[in-house]
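Have a look at the structure below, then the notes.
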Amino acid sequence: MPGLAITALTLSHFRSYRTARLRFDGRPVVLFGANGAGKTGVLEAVSLLSPGRGLRRAAPDELARRPGAPGWKVEARLRSVDRLHEITTWSEGTEARQVRIDGKAAAQTALARVVRILWLVPAMDRLWIEAAEGRRRFLDRMTLSFCPDHAEASLAYEKAMRERNRLLRDDVTDAMWYGALEGRMAEAGATIIANRALALSRLAAAQDGADTAFPRAELHLTNPEPMPDDAAGLAAAFADGRRRDLAAGRTLTGPHRADLAAAYAVKGIAADQCSTGEQKALLISLILANARALAGDFGAPPLLLLDEVAAHLDADRRASLYDEIMGLGAQALMTGTGQDLFAMPGHRAQQFEVTETGGVSTVAEVPS
């Protein structure tokens, strides 16, 4: 299957890079080097080829090289399913991030229709034992990969909810103001709920009968209270909850309160009760299932960004992960502190050494 792949990537004044130009040949990519050398910066740059704030959720002005850089730019040449794309994203000073696709200005949400990107970073290792917000974000990233309209629906819902919350904090009681905002929230919220349900269904199907060394994760959504899943029902729930919401100063009902629950299926153990290694294996299992599903839906497996992926994996699990990535035909960008962690892929992957001197990072390909 022809893969989705970046063939060229240029970073300008991004994080610890003055400039970096990388050329990829479609194979998985290994970036190795000491802690703090700048490996994650390359993955973060690629993550900005999708909507949102990237894998570290940084504000645009936090991405520019320090000191002195007025802004930053990431440029990529992308081979997609049916054509080549040129994508540029940048920010100047404190201005919002800008996007250009094939030479034309575009909204960030348009990126979801061009490229599919999944990532796994060390901060996610505690996903199952921390607050629900991170799990919702994880679910919504997976949902976006299946439903490009999910970004627009999420933005519309959040914007309307922020305005409603402001009315609540100001003790506004005018039903007409609330009705208009709640109608917008209900329409967007129904789309969010439907998209999430579709994503969970696709993930479950992708795990059925999969030839994988990683454990099946049983997933379901929970809510603090029963919640309708249609627009009319949601609008009624928002209206009925106004008195309670006024007292709280915020919206207490809606898809923004949902949580993602997971269990290690074979053992019947909730994810938050699993060992650290089992929790990491469940995350990897879901990323791989997501990629398998997209390979059929989108026509190609997504780009995979796997930061310090070897952590908490024994040698057998590492070998299985590399084999599954190769079997998918996915272009994965993987980081690690030592080249020895990637002995298994060998010549099947491009290898780059990342070094840092005087606060400036550089990347050099290592001949295979």
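The values are calculated or read from the model by the stated rules, or taken from the named source; none is laboratory data. If you're wondering where the values come from, they're calculated on a predicted model, not measured in any experiment. Don't worry about glycine lacking a Cβ; one is built from the backbone with ideal geometry, like all the others, and counts go over all protein chains shown. Accessible surface is based on the protein model in full, side chains and every heavy atom, while ligands, DNA and RNA are left aside. Shrake-Rupley method; radii C 1.70, N 1.55, O 1.52, S 1.80 Å.
Values computed for the structure shown
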quantity	calculated
Cβ-Cβ under 8 Å pairs, at least 6 apart or on other chains, region 37-59 side under 18 Å from Gly93 (Cα atoms) and of a type in the set (A, V, I, L, M), far side outside any loop (DSSP other than H, G, I, E, B) and open to solvent by 10 Å² or more (accessible area, probe 1.4 Å)	none
Qualifying position, being of a type outside the set (Val, Ile, Thr) and open to solvent by less than 20 Å² (accessible area, probe 1.4 Å), among Ala311, Ala295	Ala295
The lone exception for Thr362 - which of (1) in contact with an Asp or Glu (Cβ under 8 Å, 6 or more places away or on another chain); (2) modelled with pLDDT of 95 or more; (3) open to solvent by less than 30 Å² (accessible area, probe 1.4 Å) it fails	(3)
Region 121-165, subset part of a loop (DSSP other than H, G, I, E, B) and under 25 Å from Ala45 (Cα atoms), residue most open to solvent (accessible area, probe 1.4 Å)	Asp149
Complete set of residues in region 28-44 that are touching a Ser or Thr at 6+ places or on another chain (Cβ under 9 Å) and either within 19 Å of Trp119 (Cα to Cα) or open to solvent by 10 Å² or more (accessible area, probe 1.4 Å) (or both)	Val30, Leu31, Phe32, Ala34, Asn35, Gly36, Gly38, Lys39, Thr40, Gly41, Val42, Leu43
Qualifying residues in region 4-19 (those that are at negative phi and out of contact with any Ser or Thr (no Cβ under 7 Å at 6 or more places or on another chain)) - the one surrounded by the most Cβ atoms within 10 Å (Cβ to Cβ)	Phe14
Restricting region 92-120 to residues that are over 10 Å from the mean Cα position of the chain (by Cα) and open to solvent by less than 10 Å² (accessible area, probe 1.4 Å), the residue that is farthest from Leu198 (Cα to Cα)	Val99
Total residues in region 325-358, condition under 20 Å from the mean Cα position of the chain (by Cα), open to solvent by 20 Å² or more (accessible area, probe 1.4 Å) and under 18 Å from Lys39 (Cβ atoms)	0
